[in-house]
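Q: Attaching a single structure in structure tokens format; questions to follow.
The values are calculated or read from the model by the stated rules, or taken from the named source; none is laboratory data. These figures come from a predicted structure and were not determined experimentally. Neighbour counts are summed over all protein chains in view; Cβ atoms, including those assigned to glycine, are modelled from backbone coordinates with ideal geometry.
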Amino acid sequence: MKKILSALLAAVMVLGMLAGCSNNPGGEGSKAPDSDPTKAPDAAQSEPVNEPAGKPLEGQTVKVAALSSGYIDAYPEMWAEVCAAFEEETGAKVELVLEKNLEAVIGPSMQGGDYPDAVLCATGRPDGLTEQFIKDKLIADITDVLSMNVPGEDKKVSDKLLGGFTDTTLTNPYGDGKTYLAPMFYSPCGLFYNADLFAKNGWTVPTTWDEMWALADQLPEGQYLFTYPTAGYFDAFFYALMRSFGPDFFNKATAYEEGIWDTDEGKQCLEIVAKLASYTNPVTPAQANNNDFKMNQQLVLDDKALFMPNGTWIVGEMADSPRVDGFAWGMTALPASQSGGNGSSFCWIEQIWVPQGAENVDGGKQFVAFMYSDKAAEIFLKGGAVQPIEGITDKLDGDNKMFYSIYDNGADAAMGGFATTESVAGLGSIMEVFFDPVNTLVSDPSTKDAWISGIKDANDQYRAHLVG
Amino acid sequence: MLRSKGRSRFIALCVAPAALLFTIFMIIPTLNVFRMSLFERGAYSPTETFVGLNNFKILFNDTKFITSMQNTILLIVVVTLITFFFAIVFAAILTREKIKGQNFFRIIFYIPNILSIVVIAGIFSAVYKPENGMLNSIFSMISGRNIMILWKDQPIIVVSVIIAMVWQAIGYYMVMYMASMSAVPVDLYESAGLDGAGRLDQFFEITMPLIWTNIRTTLTFFIISTINMAFLFIKSMVAPGMLDVGLSFMYNQKDAGLYGYSMAAGVVIFLFSFALSALVNQFTKRDVLQM
């Protein structure tokens, strides 16, 4: 009797431990009505026959994974409402995974071959999940979504999309004219500052780098020209900087053209970053980590640094932080490379894409198409998330109206980024080669030459390993 | 006969769950790490290419990896020495001396150990903050002028990480030593006292030899756990790329889409920690004293 009992206990232990390993991402999965595989028939089976009201995805399940970003803090029900609207429109059932650490949640199950049907996760995140999918060519071609009708409307997706948004490496990573990632939200990036401080001191916002340095030299002690949240924020900054030397230079540099960093423009680009590093508030690198970056943003609120590169989410992110009296957010494009030239601002795009291995690729595509519907756009706007849809800027108000008008005020838009390369062992990423060393550059300017030669070396190696 | 057969069946049944779990979750993944280090593949890619020992060849020429391992070794040596010194001294004081509020100190020292790394990173954010941070404020107050040390910037960042790691680890090891120290019979100390041995002599001649087995075991634990903890501290406290240890290097390679390469680094770190533990075990061998 005792033995049987022990054996039973042992069995329970095994079961208990194995049960702990069930890999249901998100946790909510267990609460949701069971995702019985028989309920998610493949597209062919469930097509027309049983749809009286023309609901195209009746009975299908669409699994959506979305990054819970700053927009969700502003309007938590955002995604739930959009999914409900999609369900109502198409009759599909949406299983939503909404997580701040999305990569850690869906990553392991994707390694096991279980893919969501649509993933909202932009490139440029530290985990590089989307980049890895691009490099390994694991993303479904969604060019046909552009000519699809937006579910519930009789307009095509491409009719609603703003021009230029599906022409860059961010959406067409292989440069073959095919779209793999859909532009979901966009946000102009630029230099943020305290508009009130400029008004009080009678300063004008610099439009060239020379004016910028002149301004820096007249600052009182304890006030510095520049700060940055983390070195990672230099990516948007650097793209805009490259763009300010002309679209031609931008395209060559992002395609790793040979000797590009020895050209006049290339040298000036790096020189500006190095010089800016010397005008940076010296405490910046000590706080430029994921734990303390808000302290760097606080430097601008406290007038201890004039400018920082950032995105429009900064207003919401720092909404509860103390600030000097009269503080008012201002945003400017990067100064022009020479007087008379245009400033430039990087257009930061979050992409939504469909993994090739997804069970319901068509459902995923429908979901992507629905993202551009008026209904979805309206819900997303409540969280301050702006999509590249015709006429959307007219619906903005407050700070956002000012931010999104940056391109109307003469700034050139920098879109896209460095071309995709294969991962090569021993070769650092763009982030590691170009931007991480800026921290060291601020505290030790003598590392400048090492930084530049590192960029030149990497440039040659990247070119040799281009994907596409 | 029948009885012993039933007995061994019973033993087998009892051991089976643990053995099974150990195989599934420890042995197979470890073997898999070794296998994958010979391949190159992206983390999410279904295809893999066999590259032989190529990953290792590149790894040993990768200056980033070499620096990371140097940092790992530096952290292991320094953190271990400091932690063990303080843990043993505090444990000796708290068990042997009569101090008011012994339990209070014990709890205070132990608390860091139950905090998660994220909380610790948050605490040290406040401690190391350049402006109005705790450390800089204290230094400024003492010296009477405004001191601004950038604790989380090069080159002092290593020191800051070491301080945090020591602070986190002391309590746990102190409690371990207190347990074994209180098992040392009091009459040993009494008779040593009668023979004229001072407090220090008693500590080195009685306490240390009698808890030596304990120190040896914990030393091995500690070295292995420092390799892991260093990674967590670096990840949560330090700006990316400023200070890397072996495991954070490995993690970054995974994010860069180099799964095989990252596993090769994993293999090296695995062998390194095994070798190190074996060496430590060898060098700390003493005759076991019976109480």
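Q: Looking at (1) touching a residue at least 24 places away in the same chain (Cβ under 8 Å); (2) of a type in the set (Asp, Glu); (3) in the same structural domain as A:ILE314 (by TED's automatic domain parsing), find the lone condition where A:GLU153 falls short.
A: That leaves (3) as the condition not met.
Q: Another question, if that's okay. From the list B:SER191, B:SER180, B:SER236, pick out the single residue that is surrounded by 14 or more Cβ atoms within 10 Å (Cβ to Cβ) and more than 30 Å from A:THR440 (Cα to Cα).
A: Going through B:SER191, B:SER180, B:SER236 in turn, the sole match is B:SER180.
Q: Hey, another quick one. Just for helices (runs of 4 or more DSSP H) wholly inside the stretch A:281-396: which have at least 1 residues that are among the charged types (D, E, K, R)?
A: Those helices (runs of 4 or more DSSP H) span A:293-301, A:314-317, A:361-370, A:374-382.
Q: Conditions: (1) under 30 Å from A:LYS137 (Cβ atoms); (2) modelled with pLDDT under 90; (3) crowded, with 19+ Cβ neighbours inside 10 Å. A:ILE352 meets all but one. Number of the miss?
A: Every condition holds for A:ILE352 apart from (2).
Q: For B:LEU59, which of the numbered conditions (1) outside any helix (DSSP H, G or I); (2) within 14 Å of chain A (Cβ to nearest Cβ); (3) not small (Gly, Ala, Ser) fails to hold?
A: It is condition (1) that B:LEU59 fails.
Q: Please give the number of the condition A:LYS448 fails out of (1) within 27 Å of B:GLY241 (Cα to Cα); (2) part of a strand (DSSP E or B).
A: Of the numbered conditions (1) within 27 Å of B:GLY241 (Cα to Cα); (2) part of a strand (DSSP E or B), the odd one out for A:LYS448 is (2).
Q: Can you tell me which residue within the stretch B:247-272, out of those that are farther than 22 Å from B:THR49 by Cβ and touching a Gly at 6+ places or on another chain (Cβ under 9 Å), is farthest from the other protein chains (Cβ to nearest Cβ)?
A: Checking each candidate, the answer is B:PHE272.
Q: Let me ask something else about it. Provide a single number: the residues in the stretch A:311-336 that are over 30 Å from A:ILE389 (Cβ atoms), under 26 Å from the mean Cα position of the chain (by Cα) and either among the aliphatic types (A, V, I, L, M) or at pLDDT below 85 (or both).
A: Summing the residues that are over 30 Å from A:ILE389 (Cβ atoms), under 26 Å from the mean Cα position of the chain (by Cα) and either among the aliphatic types (A, V, I, L, M) or at pLDDT below 85 (or both) in the stretch A:311-336 gives 0.
Q: Which members of the stretch A:253-290 meet the condition of being surrounded by 20 or more Cβ atoms within 10 Å (Cβ to Cβ) and within 14 Å of chain B (Cβ to nearest Cβ)?
A: A:ALA277, A:THR280, A:ASN281, A:VAL283, A:THR284, A:PRO285, A:ALA286, A:GLN287, A:ALA288, A:ASN289
Q: Is there a residue in the stretch A:202-222 that is over 30 Å from A:ASN409 (Cβ atoms), touching a residue at least 24 places away in the same chain (Cβ under 8 Å) and away from chain B (no Cβ under 14 Å)?
A: no
Q: I would also like to ask the following. Condition (residue is among the aliphatic types (A, V, I, L, M), under 25 Å from A:THR61 (Cα atoms) and out of contact with any helix residue (DSSP H, G or I) (no Cβ under 9 Å at 6 or more places or on another chain)) applied to the stretch A:104-115: is it met by at least one residue?
A: Looking through the stretch A:104-115, at least one residue is among the aliphatic types (A, V, I, L, M), under 25 Å from A:THR61 (Cα atoms) and out of contact with any helix residue (DSSP H, G or I) (no Cβ under 9 Å at 6 or more places or on another chain).
Q: Pick from B:ILE211, B:ILE157, B:ILE147: which is within 27 Å of A:PRO285 (Cβ to Cβ) and without any contact (Cβ under 8 Å) to a residue 60 or more places away in the chain?
A: None of the other options fit; the residue is B:ILE147.
Q: Test A:GLY246 against the criterion of being out of contact with any Ser or Thr (no Cβ under 7 Å at 6 or more places or on another chain), without any contact (Cβ under 8 Å) to a residue 12 or more places away in the chain, in the same structural domain as A:ALA286 (by TED's automatic domain parsing) and more than 12 Å from A:GLY417 (Cα to Cα), and give yes or no.
A: Numbers: out of contact with any Ser or Thr (no Cβ under 7 Å at 6 or more places or on another chain): yes; without any contact (Cβ under 8 Å) to a residue 12 or more places away in the chain: no; in the same structural domain as A:ALA286 (by TED's automatic domain parsing): yes; more than 12 Å from A:GLY417 (Cα to Cα): yes.
So A:GLY246 fails the test.
Q: A follow-up question, please. Exactly one of these conditions fails for A:PHE293: (1) in contact with a strand residue (DSSP E or B) (Cβ under 7 Å, 6 or more places away or on another chain); (2) within 28 Å of B:VAL118 (Cβ to Cβ). Give me its number.
A: (1)
Q: Would you confirm whether or not the stretch B:96-113 contains a residue that is out of contact with any strand residue (DSSP E or B) (no Cβ under 9 Å at 6 or more places or on another chain) and within 14 Å of another protein chain (Cβ to nearest Cβ)?
A: no
Q: Give the residues of the stretch A:109-121 that are hydroxyl-bearing (Ser, Thr, Tyr) and buried (at least 22 other Cβ atoms within 10 Å of the Cβ), sorted by residue number.
A: Within the stretch A:109-121, A:TYR115 is the sole residue that qualifies.
Okay, residues lined up against (1) crowded, with 17+ Cβ neighbours inside 10 Å; (2) farther than 20 Å from A:GLY232 by Cβ:
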| site | (1), (2) |
| --- | --- |
| A:GLU95 | yes, yes |
| A:THR123 | yes, no |
| A:LYS135 | yes, no |
| A:LEU161 | yes, yes |
| A:GLY175 | no, yes |
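Q: Take the stretch B:26-54 and flag every residue that is within 11 Å of chain A (Cβ to nearest Cβ) and surrounded by fewer than 13 Cβ atoms within 10 Å (Cβ to Cβ).
A: Selection gives B:PRO46, B:THR47.
Q: Do we have any residue at all in the stretch B:129-137 that's without any contact (Cβ under 8 Å) to a residue 60 or more places away in the chain, surrounded by 18 or more Cβ atoms within 10 Å (Cβ to Cβ) and within 9 Å of another protein chain (Cβ to nearest Cβ)?
A: Looking for residues that are without any contact (Cβ under 8 Å) to a residue 60 or more places away in the chain, surrounded by 18 or more Cβ atoms within 10 Å (Cβ to Cβ) and within 9 Å of another protein chain (Cβ to nearest Cβ), one finds at least one in the stretch B:129-137, hence yes.
Q: Also, quick follow-up: When you look at A:ALA413, is it in contact (Cβ under 8 Å) with a residue 24 or more places away in the chain and over 21 Å from A:CYS83 (Cβ atoms), yes or no?
A: So A:ALA413 fits the description; yes.
Q: Within the stretch B:65-78, identify whether any single residue is surrounded by 13 or more Cβ atoms within 10 Å (Cβ to Cβ), more than 30 Å from B:MET165 (Cα to Cα) and within 12 Å of another protein chain (Cβ to nearest Cβ), and answer yes or no.
A: no
Q: Spot the failing condition for A:GLY128; the list is (1) within 14 Å of chain B (Cβ to nearest Cβ); (2) more than 16 Å from A:ALA182 (Cα to Cα); (3) out of contact with any helix residue (DSSP H, G or I) (no Cβ under 9 Å at 6 or more places or on another chain), and only one is missed.
A: (3)
Q: Kindly provide the set of residues from the stretch A:431-445 that are surrounded by fewer than 21 Cβ atoms within 10 Å (Cβ to Cβ) and either more than 9 Å from chain B (Cβ to nearest Cβ) or not in a helix (DSSP H, G or I) (or both), ordered by number.
A: A:VAL433, A:ASP444, A:PRO445
Q: Which one of the conditions (1) in a helix (DSSP H, G or I); (2) within 14 Å of chain B (Cβ to nearest Cβ) does A:GLY426 fail to meet, given that it meets all the rest?
A: Every listed condition holds for A:GLY426 apart from (1).
Q: Could you list all residues from the stretch B:138-166 that are surrounded by fewer than 20 Cβ atoms within 10 Å (Cβ to Cβ) and within 10 Å of chain A (Cβ to nearest Cβ)?
A: B:MET148, B:ILE149, B:GLN154, B:PRO155, B:ILE156
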